[in-house]
Amino acid sequence: MSSATLPASTPQAAPAGEPLLRVVDVKKHFNVGVAATVKAVDGVSFEVREGETLGLVGESGCGKSTLGRLVTQLIPVTSGEVVFNGVDLTKLRGERLRQQRKQLQIIFQDPYASLDPRMTIGDIIAEPLMNFGLLRGRQKDAKVQELLKVVGLNPYFNNRYPHEFSGGQRQRIGIARALALNPKLIVCDEPVSALDVSIQAQIINLLEDLQKEFHLTYIFIAHDLSVVRHISERVMVMYLGKVVEVSPSEELYLSQEHPYTKALLSAIPVPDPRIESQRRLIELQGEIPSPINPPSGCRFHTRCPIARAPGICADQEPPLEEKAPGRWAACHFSDEVRTKV
Amino acid sequence: MLEVKHLSTSFFTDDGEVKAVRDVTFDLFPGETLGIVGESGCGKSVTAMSVLGLVQRPGKIVGGQILFKDRDLTKLNSEELRQIRGRDIAMIFQDPLSSLNPVLRVGFQIDEAMFAHDKIAKEDVPERGVNLLKQVRVPDAQRRVKDYPHQFSGGMRQRAMIAMGLSNRPELLIADEPTTALDVTVQAQILELLRDLNQEMGTSIILITHNLGVVAGLCKRVVVMYAGEIVEEGPVEQIFESPQHPYTWSLLRSLPRVDEKRHERLKSIEGLPPDLIAPPPGCKFNPRCPFRIEKCFSEDPPLEMVGTAQQAKCWVTMKRAYAEMNAATITDTRPGAASGVRPPAELLQVVADLRTLEEPEVLETLAENPQLLEQMVSEEPAALEQLVADHPAVAEKLVTEETAAAVDGAAEDEKSE
Amino acid sequence: MTRGTLIYIGQRVLLIVVTLLVVSFGVFAAVHSLPGNAFISEHLHGAALASVLHQYGLDQPIPIQYWNFLKGAIHGDLGNSFVIQGEAITPLVLRELSVSMELGGAALIITVGLGMLFGVIAAMRQNTWVDYLLTTIAVIGYSVPSFVLATLGILLFALALPDWTFSLFGTAIGYPLRWQGTYGDIVQLSLPAIALGFYTSGQVTRITRAAMLDVVQQDYIRTARAKGLKSRVVTIRHALRNAMVPVTSILGPLVVSIIAGSVIIENIFGIPGLGKEFVRSITSHDYNVTVGVFTIYTLLIGVANLGVDLLYTVIDPRIRY
Amino acid sequence: MATTITAPPTTVTEYAGGTLAREQVSLWRDGWRRLRRNKLALAAVVYLGLLVVVAVIAFFWTPYKPNAIGTCDTYAVPSGAHPFGCDELGRDSLSRLMVGTQVSLAEGVGTAIIVLVVGVTVGLIAGYFRGTVDAVISLIINIFYGIPALLVALVLVVVLGQGLLNIMIAISATIWMDMARLVRGQTLSLREREFIEAARASGAKSGKILFGHIFPNAMGPIIVQATFVIPIAILTGAFLSFLGLGVPPPQADWGGMASEGVAAIRYVTHIVTFPSIALSVTLLAFNFFGDGLRDAFDPRQKR
């Protein structure tokens, strides 16, 4: 059965506290051409509890960025629920949805494209405040300067334009904008992928500091598992629009319940020649299938080293189940992952 | 086999000379794999392009030699250089989609590389094209030579690029960020392929990348570049085990590692890489270095041996830093944190002087010294705040200052990489 | 040819048909609602006028008239001229079309050939005097009105070769020579074709130059050079081929431009083509001819655009409909 | 060498290399700066300024009454009293040229305004609402692209009558699609940009997004396109006049004068020469100005 039947209250139940965000069986299908749909996100459920960082990782085309936009309701869901703070955002339209945005912000991947080139950074950071008519005049300017300071930029830069800043500085501006409304949840959509290594660490540290200072909850999306594992408490792995594994990040490197996760981990280079010389790559067969026409049953079976195809893997979609305390995976043969892969 | 000696390449832009590569010296032995690592804008790609004479206007090699089998490539005319390109030295690039011509068939583009040189007999070319694709593990090669690049996936395109590069059995393959545009699982496959090719065919490889993990997996020797210069060079094990330049050291500690045991705060490198038109005096890394000493602000350190086969370009080096500096503070990554050495005293003096002046004179001084505000922003924010409090017009200056010479510099820097 | 291509062609043909219907009805309704037509003159009054109107079906409501026109048009009959009594429009228009096509075709060859040549040379010599000269010529091309160019040409010919020119154009200005069917004479064709093609060639130069400059900065040009290809091969096989994609995209508008320009040129040189016929018909209230010529032009543009779209798929394999 | 910590810097700031003291310019001022460097465009601006002055003067003063017949001999060649000569009816050509300036400029600018209003409105609607609205508008645009432009203008002038406003409407009807398509394309691509998403995420309303973000970012290309409408409109207007369907006589305009000149070319050449030069230079000036503007605002053309 598909994960659609997961009981809404229990998916990867957060260890403690009320979930701040509950996503239930969310789907997003895009129409492309005549009678073809891309199932970008196809039945995803998860919960995020207040104050935690949930990492979301997967290769290009797995639907992780789409999921981030669904959570923030920048694009409407095809079906499913996004319950934030007890309110189902998918049922809201217009003004009532807009009011929810105060609590729910997003940081984008491309620090060059996400800032309006015609606006000064002061105006960019103040825009959320203006949209909700919160602060005016000197108070607003003071708030902007304070935000600039918080993200480590010179507060007197507020009259400058985005093109005068470097990538890392722009990402800080994007973070300041997201912070302006004192949100509860911030979706970080690949915030460091476009940055250089030395700048990457600055931004990761900044995000961690801000989380402590403002009690933020993050959904951290990236294609780099090392970064995701570093910043998150729990990591969710996606493949072709589906969640294949959810695990606490400390445990993820030590053991995996899904062969895809295992293959992904085996492919990540470690900056240590001794470890690298002993690395054993689990090579996946073929290419990632098209999301227009995903494989039947388990979507990973066409590339899986342990799949029974033809057989159960090709016929039945494995449900996302709790295989061990706090560890969820969608695989018929989780037990074999440890021994055979 | 390849000796690069004191290579300097500059881009002559409207805003001034961007010294993208300066005084770079390294060599490569047959069958060796050499990694060149650094951040964007550090000059690693320009170095590679210089080797093949592919640097385009307004860029130009301004000094040094590139000796390939005892011929100086910088002295060759365009026809001689053309005959070396693709025949003796091949190159593959970062984005395999944009690097393949979209309107020509993949097979044709591979064959074309062979037809351009007479190394492979004409009648063997089509068959060899198919075999090359098989060799780089493109499935169904016989049929796929007739495809256009857009019909290939990212990984397959890069394989086709590699097949094209290998078509004339070159002695050296320069791979410029070959896996940056690819997913990790595909990246791992391409790296395996390169490793196998190096072992089976003995092709030397220069791998240019920003990813230290990739270097660790493929290369035997590594060159670390920063702001157009080599800051450290040596065998991979040695560099990763005991980096001697603070930049290499910081870089290795600023990376989150997938195998990290417990969560620790990353050691970030504060600040930004310098402007290559007007880099800071002394060591180029000094504005960001936690271990700097006074000498770093005035004298540029030479690239010196710091161990067996390992060279670093630093007055301090990590050995000395560990030995002499307070171990507890060595984790503080802020500029000058570990050594406590501030920038030269002149700035403080100037700032003090500024406070005694009247507002028009302050503005005049700032107008005459456009660097001053910038220095204050990075080095003396407290003094700057005080100055702004005293003279509100200075805040205006911060946002309306016109220094025509610096216009568009950053954009050009990015382009030149 | 894939199924998608066939569907695409079907859609385009449908668009052409819709355009034809909308346009012909629009023009039909517009010109027929005008006060006055070719028969209102001193000679025809009252009953006589009414009988002529009835003979041409002009006393019926416009939708009915249009329906009758449409029925004829489907069978290739565009009706009869009002002015030249009883002359069938279809053969007249077809004869004139062949003249216009010849002129337009020659202009198109000049446009594309000259334009691309100039564009490529300008791009290859970017920021040199050659570049500045050619781009300035291009701007002059799309700035100077074609009738100015035409008169300039005539004057130059008149100065250089007084006798010969006079025989060619001297009496021709404003008066149609009795040229039938095709020209057959490249000299006669040259001046009008250049005057017509120069305007559009400026645009082609512009686009080609911009496209070449864009293409030579692409990664695949760097790859081609890194392979050790000769620079001539890089320019022609790799750069020009890709630069032709944007040039193709303006071929459609180019055809429209040339058609519009031909109206002027045919009137200056007295060339008995469609453009001259159109102006004559509209000024002499010969509305059946107006509608007929308009319909033919619209069909021509539709077919040209479809051809350009199909040409696209040949030049750029990434484009599939 | 200091081996212990003295006071570390108090706040974390980024060292910004040469980027901080960079010239403070908005994109507009940046574009204007680049335009100023373009001598040809600058010369064009000066010429066009003079042209406007001439047009204004012609409202109050011309050497002779532009429509007065018989101020001199038929086809009088240029002389001191009549620097540009006279036409078939003995009207002073200079006076008529001056008045013709008004017609050309009015045709150009008036048409540009109509095209701007119609094109931007239609384009924004199509691009922003997408779906059925967009499909219908795109179909209309495509139909218009399938019609020979000058012929439409001819028919419309005949149907509407030969007034200046009607001519402007007729020309607009043939060229509004370019603007509409440009604005539609800009809107479609801009609304997919991340900064628009960012604006929505920070709670901006539709109106704010459309007029606060999309429109300002599309302004550059729109203005450039509008400047190119002017020469096209003047050219089309001249064509109409040349074919005898321009502003009604005896009103002087350059296209009509050139047409009369061509008819008289067997006897004298000055009648066709001056209006032709006036037209050509004016169109050149507008095109040079437009090119300069495009180069200044198109970041890809930046050298």
* **Mean separation of Cα contacts under 8 Å (6+ apart) over length of chain A, as relative contact order %** => 20
* Tell me the GluC sites (Glu not before Pro) within region B:237-342 that lie in a loop according to DSSP and have at most 14 other beta-carbon atoms within 10 Å. => B:E264, B:E299
* Structure fact -> Expressed in angstrom and rounded, the centroid-to-centroid distance over alpha carbons for region D:222-244 and region B:112-128 is 56
* Let me know the Rg and Dmax you get for region A:64-132 when you use only its Cα atoms, in Å. => 13.6, 38
* **Estimated distance in nm for a label pair at B:S242 and C:L152, the labels positioned 7 Å out from Cα along Cα-to-Cβ** => 7.9
* Rounded to the nearest 500 deg cm²/dmol, what is the calculated helix-only ellipticity per residue at 222 nm for the protein assembly as shown, with -39500 (n - 2.57) per DSSP H run of length n ≥ 4? -> -16000 deg cm²/dmol
* So what's the gap between the Cα centers of region C:200-247 and region A:174-193, to the nearest angstrom? -> 42
* Asked: Given N residues in region D:210-259, what is Rg(Cα) / (2.2 N^0.38 Å)?
  -> 1.72
* Which net charge results when you count Lys and Arg as +1 and Asp and Glu as -1 among the other residues whose beta-carbon is under 15 Å from that of D:T236? -> -3
* Quick one: what are the phi-derived ³J(HN,Hα) couplings along region D:146-153, Karplus 6.51/-1.76/1.60 with θ = phi - 60°, whole Hz, x for glycine and proline? => x, 10, x, 4, 4, 5, 4, 4
* To do: Would you mind checking B:K44/B:K319; A:K39/B:K146; A:K184/A:K242 for any pair whose Cα atoms are more than 28 angstrom apart?
  => A:K39/B:K146
* Asked: Under a Cβ-Cβ cut-off of 13 Å, what is the net charge of the residues other than D:D134 that fall near it, where Lys and Arg count +1 and Asp and Glu count -1?
  -> +4
* Structure fact -> Karplus ³J(HN,Hα) for region B:94-109 (6.51 cos²θ - 1.76 cosθ + 1.60, θ = phi - 60°; Hz, whole; x = Gly/Pro) runs 5, 9, x, 6, 6, 8, 9, 5, x, 9, 10, 5, 4, x, 4, 5
* **DSSP loop chymotrypsin sites (Phe, Trp or Tyr not before Pro) with at most 16 other Cβ within 10 Å: longest gap in chain D** => D:76-266
* Structure fact -> The farthest towards the positive end of the charge dipole of the protein assembly as shown, of the residues D:L293, C:G79, A:L240, given +1 on Cβ of Lys and Arg and -1 on Cβ of Asp and Glu, is C:G79
* Structure fact -> For region B:144-234 the trypsin sites (Lys or Arg not before Pro) that pass both the DSSP coil test and the at-most-14 other-Cβ-within-10 Å test are B:K146
* **Charge-dipole axis of region B:228-333 as Lys and Arg at +1 and Asp and Glu at -1 on Cβ define it, positive-most pick from B:T317, B:S250, B:I277** => B:S250
* **Three semi-axes of the equivalent ellipsoid, region B:2-219, Cα gyration tensor, whole Å, largest first** => 28, 20, 17
* To do: Report P(r) for the protein assembly as shown: all Cα-Cα distances, bin width 20 Å, range 0 to the bin holding the largest distance, values in whole percent.
  => 9, 31, 34, 20, 6, 0, 0
* Asked: Per-residue accessible area for B:C42 at 1.4 Å probe radius, Å² rounded to 10?
  -> 10
* Asked: Hey, how much of the P(r) for chain B falls beyond 30 Å, as a percent of Cα pairs?
  -> 50
* Using the Cβ atoms and a cut-off under 12 Å, what net charge is assigned to the surroundings of B:K5, where Lys and Arg are +1 and Asp and Glu are -1? -> -4
* To do: Please get the size of the charge dipole for region B:42-84, origin at its Cα centre, with Cβ charges of +1 on Lys and Arg and -1 on Asp and Glu, quoted in debye to the nearest 20.
  => 140
* To do: Determine the distance separating the Cα centre of region A:83-111 from the Cα centre of region B:22-59; give it in Å without decimals.
  => 48
* With every protein chain left in place, what is the accessible area of D:R36 in Å² (1.4 Å probe, nearest 10)? -> 120
* Could you check how many percent of all C-alpha pairs in chain A are farther apart than 34 Å? => 27
* Output the pairs from A:K64/A:K262; A:K143/B:K267; B:K75/C:K227; B:K5/B:K284; A:K140/D:K205; C:K71/C:K276 with a Cα-Cα distance over 22 Å in this structure; if there are none, say none. => A:K143/B:K267; C:K71/C:K276
* Structure fact -> Loop-resident trypsin sites (Lys or Arg not before Pro) in region B:14-90 with no more than 16 other Cβ atoms inside 10 Å, DSSP not H/G/I/E/B, are B:K69
* Can you give the charge dipole size of chain B about its Cα centre, rounded to the nearest 20 debye, using +1 on the beta carbon of Lys and Arg and -1 on the beta carbon of Asp and Glu? -> 2260
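The values are calculated or read from the model by the stated rules, or taken from the named source; none is laboratory data. Source: prediction; values computed, not measured. Note that we place each Cβ from the backbone using ideal geometry, even for glycine, and neighbour counts take in every protein chain shown. In case anyone asks, the SASA skips ligands and DNA or RNA and just uses the protein heavy atoms, side chains included. Shrake-Rupley method; radii C 1.70, N 1.55, O 1.52, S 1.80 Å.
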